[in-house]
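First up is the structure itself, then whatever we jot down about it.
The values are calculated or read from the model by the stated rules, or taken from the named source; none is laboratory data. None of the values given here were measured: they were computed from a predicted structure. Reconstructed Cβ throughout: ideal geometry from the backbone, glycine too, with neighbour counts over all protein chains shown. In case anyone asks, the SASA skips ligands and DNA or RNA and just uses the protein heavy atoms, side chains included. Shrake-Rupley method; radii C 1.70, N 1.55, O 1.52, S 1.80 Å.
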Amino acid sequence: MSFPQTNWMQVAMATLNGDTRSRVALAQMCADYREPLVSFLSARGHDARDSEDLVQEFFLKLLEAGGPGARALPHFFAR
């Protein structure tokens, strides 16, 4: 599973604060990246359940850090 090409318009839209278009863009980014991130973590030795949990935690921390535009979590997947 490869990562999707980054849609920078979608990233910009997802960083807007809370309007409907921002929420839709953010939800689409999460949907686009969830499976590649889970596959990445599974390939690094995490079981399926832990991989799913780590991806959910990553998205939560990303949101808490200010969204996709934030310079957040550079070493999150190094665990």
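Inter-label distance, A65 to F3: 1.2 nm, where each label sits 7 Å from its Cα along the C-beta direction.
A 1.4 Å probe, protein heavy atoms only, puts the accessible area of D32 near 60 Å².
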